[in-house]
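The values are calculated or read from the model by the stated rules, or taken from the named source; none is laboratory data. All figures in this text were calculated on a predicted structure; none of them were measured in a lab. Positions of Cβ are backbone-derived with ideal geometry, glycine not excepted, and every protein chain shown enters the neighbour counts. To get the accessible areas, we keep the full protein, side chains included, count just its heavy atoms, and leave off ligands, DNA and RNA. Shrake-Rupley method; radii C 1.70, N 1.55, O 1.52, S 1.80 Å.
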Amino acid sequence: MAMRRTLHFVFKVGDRAKTATFYRDVLGMKILRHEEFEEGCKASCNGPYDGKWSKTMVGFGPEDDHFVAELTYNYGVGEYTLGNDFQGLTLQSSQAVRNAKRLGWPLTEVEEAVYRTEAPGGYPFYLVDRELPPRDPVQKVCLGVSDLPTTTHYWTDLLGMKVLEKDEEKKTVLMGYEDKQCKLELQDVGGSIDHGTAFGRIAFSCPRDQLPDLEALMKKENQKILTPLVSLDTPGKATVEVVILADPNAHEICFVGDEAFRELSKVDPNGNALLDKAMAEDKSEEWFAKHNRQKAIA
């Protein structure tokens with residue numbers, strides 16, 4: 001589909017400080033934006049939680065031309081249960097490999113010049129030990145699926161992605177909207193998909209005028225729509241419109257109007273300082289300890 005692009009993957013994080021260390025100090029990403037919210041997102045960006053939460057966007061460069069991570073932190077939740085839905089994010093950076101070794105962050109070489117590591121919470125990442133490419137170092141996001149042909153049909157015929165590679169032996173399909181963008185890989189896991197409570201969401205942008213047509217197509221094809229076309233407000237910033245879908249494996253997929261999102265997603269030079277300030281002022285651990293309670297395990 002013309003002018004569609006991959007944007008980010010949403011991760012729920014229970015330990016914001018350790019997570020910041022991983023993305024900043026190990027991977028070498030930058031804090032692009034940080035925002036605090038007093039109540040849950042009406043499109044469930046932070047999951048099924050109503051309380052105070054924060055959103056931190058991290059990546060190797062601006063969201064206009066880089067695939068980034070959206071880190072959502074719910075103040076009352078300390079841990080999430082992983083499923084087999086998220087199979088990993090692959091990025092190319094020798095510096096990240098060197099950083100991990102220097103900091104003692106666990107690495108396992110899974111093939112020549114490719115290392116597996118984990119973000120706090122257990123999310124798998126694959127680091128390709130080569131110098132940073134001239135474009136975005138993030139190469140692909142891999143999602144587990146239970147029925148590869150059916151899911152491939154959904155992403156290609158309904159969402160307009162192009163199949164770039166198929167690997168019968170590994171039972172994977174690699175696809176994308178453009179060669180220069182981060183790719184989506186589907187991995188047949190040979191069984192049902194368990195999303196746990198850590199389930200994420202992958203986001204794409206498209207011209208705003210495509211959103212009603214996309215929603216109408218999903219209704220016509222009897223596909224699941226999690227959030228019909230809705231406007232999301234961020235105080236002092238652009239209002240964006242989104243439609244949130246679910247593929248045959250219940251992976252959440254957000255499509256956002258591109259024009260407003262480019263305004264919303266501009267890099268905030270104060271993002272790093274805002275995150276550090278929020279972490280310093282976060283007294284939730286102390287509150288739970290004072291009341292002899294533990295943060296929730298979702």
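Details
- Mean ellipticity per residue at 222 nm, deg cm²/dmol - from DSSP H runs of n ≥ 4 across the chain, formula -39500 (n - 2.57): -5000 deg cm²/dmol
- Total lysine pairs in region 100-203 at Cα distances under 26 Å, for residues eight or more apart or on different chains: 17.
- Sulfur and carbon atoms: percent of accessible area, the chain [1.4 Å]: 49
- Per residue, region 193-298 exposes an accessible area of 53 Å² to a 1.4 Å probe, with every protein chain left in place.
- Three-way shape call for the chain based on the alpha-carbon gyration tensor, with the a/c threshold at 1.5: rounded
- Subtracting the Cα-Cα distance of SER231 and SER284 from their residue separation scaled by 0.36 nm leaves 16.0 nm.
- Other residues lying with their Cβ under 9 Å from the Cβ of THR72 contribute a combined charge of +1, Lys and Arg counting +1, Asp and Glu -1.
- Alpha carbon centroid spacing (whole Å) that separates region 22-92 from region 121-178: 20
- Kirkwood radius, region 143-298, all distinct C-alpha pairs, inverse of mean reciprocal distance: 18.4 Å.
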